[in-house]
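I have placed the structure first, in the form of structure tokens, so that the comments after it can refer back to it.
The values are calculated or read from the model by the stated rules, or taken from the named source; none is laboratory data. These numbers come from a predicted model, not from an experiment. Cβ: placed from backbone, ideal geometry, glycine included. Neighbour counts: every protein chain shown.
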Amino acid sequence: MEILDFLRDDEQIFTTITLVILIILLIGNIVVDKLKKYKDIDLNAAVTLMDKKDLIILDVREEKERNAGYIVNDTHIPMGQVKNKLSTLDKNKKVLVYCRKGSRSAHIAGMLTRNKFDQVYNLKGGINAWKKANLPIKS
């Protein structure tokens, strides 16, 4: 009861509102994570996935970023063009999406799953993590 009295106190209303907002954000984050249909994978899982024949490695960075290096045997479609080029990608293959840090590729991974791609993976940390781990880069 003391907690409820404390939270209802006019002097603590800001604290109460902040607490409620944080709880809502936490619950929202958990729900969104459960609803996403693609998987975020680390470098080890990505390398293992690359051993399979039925994989599309999709680079969604801009051309100028790609000039700094890219993963061998990938397909390059800048983020803004992916929606228009979905028909060029095989929905029956696994798709590993990457960008510079992993946030743009997460967005595209979500788009792919909404467009009936079943096995979609987002490379956590993107090409930056790939380079940091000294994995092979093509220029």
Open item on the list: Looking only at residues that are part of a strand (DSSP E or B) and of a type in the set (A, V, I, L, M) in region 109-126, which one is nearest to Asp54 (Cα to Cα)?
Closed with: Val120
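Give Leu43, Leu89 a once-over and let me know the one that is of a type outside the set (Val, Ile, Thr) and either outside the structural domain of Met111 (by TED's automatic domain parsing) or out of contact with any Ser or Thr (no Cβ under 8 Å at 6 or more places or on another chain) (or both). Spell out the reasoning first.
On the way: Leu89 fails: either outside the structural domain of Met111 (by TED's automatic domain parsing) or out of contact with any Ser or Thr (no Cβ under 8 Å at 6 or more places or on another chain) (or both).
It is Leu43.
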Open item on the list: Can you find, within region 108-122, the residue that is surrounded by the fewest Cβ atoms within 10 Å (Cβ to Cβ) among those that are closer than 18 Å to Asn84 by Cβ and over 13 Å from the mean Cα position of the chain (by Cα)?
Closed with: Lys116
Open item on the list: Taking the conditions exactly as written (farther than 18 Å from Lys37 by Cβ, under 11 Å from the mean Cα position of the chain (by Cα), surrounded by 12 or more Cβ atoms within 10 Å (Cβ to Cβ) and assigned by TED's automatic domain parsing to the domain that holds Glu63), does Gly102 satisfy them or not?
Closed with: no
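Yes/no matrix, rows are residues, columns are (1) in a helix (DSSP H, G or I); (2) not β-branched (Val, Ile, Thr):
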{"site": "Ala45", "(1), (2)": "yes, yes"}
{"site": "Leu49", "(1), (2)": "yes, yes"}
{"site": "Leu58", "(1), (2)": "no, yes"}
{"site": "Asn84", "(1), (2)": "yes, yes"}
{"site": "Val95", "(1), (2)": "no, no"}
{"site": "His107", "(1), (2)": "yes, yes"}
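Being modelled with pLDDT of 85 or more, loosely packed, with under 13 Cβ neighbours inside 10 Å, more than 21 Å from the chain's Cα centre (by Cα) and not assigned by TED's automatic domain parsing to the domain that holds Ile108: is that true of Ile17 here?
Numbers: modelled with pLDDT of 85 or more: no; loosely packed, with under 13 Cβ neighbours inside 10 Å: yes; more than 21 Å from the chain's Cα centre (by Cα): yes; not assigned by TED's automatic domain parsing to the domain that holds Ile108: yes.
No; evaluated as a whole, the condition is false for this residue.
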- [ ] Filter region 67-82 for residues that are of a type outside the set (Ser, Thr, Tyr), outside any loop (DSSP other than H, G, I, E, B) and touching a strand residue (DSSP E or B) at 6+ places or on another chain (Cβ under 6 Å) and give the result.
- [x] His76
Task: Residue that is surrounded by the fewest Cβ atoms within 10 Å (Cβ to Cβ), among those in region 46-86 that are touching a Lys or Arg at 6+ places or on another chain (Cβ under 8 Å) and among the aliphatic types (A, V, I, L, M) - done: Val72
Open item on the list: Against the conditions (1) in contact (Cβ under 8 Å) with a residue 60 or more places away in the chain; (2) within 26 Å of Asn134 (Cα to Cα); (3) not polar (S, T, N, Q), where does Gly110 fall short? Just the number, please.
Closed with: (2)
